[in-house]
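Chemist: This is the structure, below, for whatever I ask next.
Since every read-out is calculated from the coordinates, none of them should be taken as a lab result. Just so it is clear, the structure is predicted and the values come from calculations on it, not from any experiment. All Cβ positions, even for glycine, are placed from backbone atoms using ideal geometry, and neighbour counts span all protein chains on display.
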Amino acid sequence: MSGRTPRKIAVLMGGLSSEREVSLSTGRGCAHALREEGFDVTEIDAGPDLVDDLRAAAPDVVFNALHGPGGEDGVVQGLMDWLGYRYTHSGVLASALAIDKSRTKDIYRQHGLPVAESRLVPKADVQKAHPMPAPYVVKPNDEGSSVGIYIVPEGASSPPILAETMPDIVMVEAYAPGRELTCTVLGDEALGVTEILTDGWYDYEAKYEEGGSRHVLPADLPAEITELVRDMALRAHHMLGCRSISRTDFRWDESRGRDGLIVLETNTQPGMTPTSLTPEQAAHAGLSFGALCRRLVEDAWRT
C-alpha cells in the first residue's frame with residue numbers, strides 16, 4: 001500500500017433484494033458520513049451495470065451497504081474479489097455461511113453454542129400440517145431483516161398459510177421465549193448488549209419504522225448474562241470467519257438463568273439506518289457514526 005491512505009470510496013446500495021429500501025437508507029447515511037469524514041464518495045445503486053459503474057468510480061475501497069441475497073450472501077463479495085477491489089464487511093465464505101440459517105446453526109452446534117431446535121421443510125408440507133408442536137416460527141432460510149416471519153402460537157388449530165413469495169423450502173424453528181438481545185462485534189471487541197422491546201414481534205416494521213421498537217442500552221441484565229452474550233457474539237463472529245463487523249441476536253428466558261440463552265443468528269451486514277442497533281452500540285462505546293464508517297473503510301484497506 002506504500003503508505004497511501006484510501007480516499008475514493010464507492011458505496012454500494014439498493015440492489016434487487018426484498019431489503020432494497022433498507023439498503024438505500026443504510027447506503028445514503030454511510031455515504032453522507034464518509035463525505036463528512038473527508039472521503040471522495042460515489043454512490044452506486046447496484047444493478048446490471050455494476051461492473052461498469054465500479055470501473056468508472058475506480059474506488060480505493062468499496063463500502064458494501066447492500067442487504068439480503070446478492071449483497072450479503074457472498075455473491076457481490078465474490079465479484080469484488082474477482083475484480084480486485086478491497087471491500088468492507090465479511091468475505092465470500094463468512095457471508096455465504098451466515099445468511100444460510102441452517103448452516104449457521106450447524107456451526108454454532110459444532111462449537112457448543114445453544115440454538116433452538118429447527119429443520120428445513122418444504123413449504124407445501126408446512127401448509128398441510130403442523131411440522132412441529134406449536135409454538136414455532138416459520139421463516140426463509142436465507143433472508144434477513146425479519147422478512148417473511150410467521151409465528152404459530154401455542155394451541156393454533158391449523159398451520160400457517162404462507163405467502164407465494166416464500167421459498168419452496170423454509171426453516172421451521174421451535175419458538176424461543178424470552179427477552180430479545182443483540183450484540184455487535186467490531187474487530188476483536190464485543191460492544192454493549194442491547195435489549196429490544198416491541199409491542200409484538202421484532203419484524204421488519206419494528207426494525208425500521210420510527211418508534212417501531214425501543215432499545216435499552218446497556219440492557220438491564222445480570223452481569224453474568226451480559227458477559228455471556230458478549231462472549232457468544234465474539235465466538236460466533238470468529239467461528240463463522242466474519243471480518244471487521246457483525247451483529248449476533250439472542251433470546252434469553254431469564255427464568256432459566258444461563259441455560260435460557262439461545263443464539264438466533266449472526267448478521268454480517270448490520271443495518272446502519274437511523275433506527276439501527278449497531279450505530280447505537282458503537283456510539284455507546286464512544287464511536288460516532290462517521291468514525292464507525294471510517295473504521296470499516298480502514299479495516300477493508302488493511303485486508
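Chemist: Give me the distance in nm between label points sitting 7 Å out from Cα along the Cα-to-Cβ direction at Asp45 and Glu164, one decimal.
Modeler: Roughly 2.6 nm, to one decimal.
Chemist: Would you work out if the chain is rounded, prolate or oblate? Take a ≥ b ≥ c from the square roots of the eigenvalues of the alpha-carbon gyration tensor; rounded if a/c is under 1.5, else prolate when a/b is larger than b/c, oblate otherwise.
Modeler: Prolate shape, in that a/c is at least 1.5 and a/b is the bigger ratio.
Chemist: Just to verify a number: FRET efficiency for Asp231 and Ile151, C-beta to C-beta distance, R0 = 25 Å, to 0.05?
Modeler: 0.30
Chemist: Another question about this same structure. Got a sec? How would Arg256, Arg235 order by Cβ neighbour count within 10 Å, fewest to most?
Modeler: Taking fewest neighbouring Cβ atoms as first place, the list is Arg256, Arg235.
Chemist: Taking the chain as the reference, fit the longest principal axis to its C-alpha atoms, fit the long axis of helix 223-239 to the helix C-alpha atoms, and give the angle between the two in degrees, 0 to 90, nearest 10.
Modeler: Around 60 degrees separate the two axes.
Chemist: Okay, next question. Sort Ser276, Ser102 so that the residue with the fewest other Cβ atoms within 10 Å of its own Cβ comes first and the one with the most comes last.
Modeler: Ser102, Ser276
Chemist: Which ³J(HN,Hα) values in Hz, rounded to whole numbers, follow from the phi angles of the range 7-16 under the Karplus curve 6.51 cos²θ - 1.76 cosθ + 1.60, where θ = phi - 60° and Gly and Pro get x?
Modeler: 10, 9, 10, 9, 9, 7, 8, x, x, 10
Chemist: Can you put Cys242, Cys183 in order of Cβ neighbours within 10 angstrom, beginning with the fewest?
Modeler: Cys242, Cys183
Chemist: Let me ask you something else. In terms of Cα to Cα distance under 18 Å, which aspartates and glutamates are near enough to Lys123, apart from those fewer than 8 places away along the same chain?
Modeler: Asp100, Asp142, Glu143, Glu164, Asp168, Glu173
Chemist: Between the alpha-carbon centers of the range 1-80 and the range 126-169, tell me the distance in whole angstrom.
Modeler: Cα centres, the range 1-80 to the range 126-169: 33 Å.
Chemist: With an 8 Å cut-off on Cα pairs and a minimum separation of 6 or more residues, tell me the relative contact order of the range 118-174 in percent.
Modeler: 53
Chemist: Here is a follow-up. Can you list the aspartates and glutamates whose alpha carbon is less than 14 Å from that of Lys8, not counting same-chain residues fewer than 8 positions off?
Modeler: Leaving aside aspartates and glutamates fewer than 8 places away in the same chain, those within reach of Lys8 are Glu36, Glu37, Asp40, Glu43, Asp53, Asp60, Glu298.
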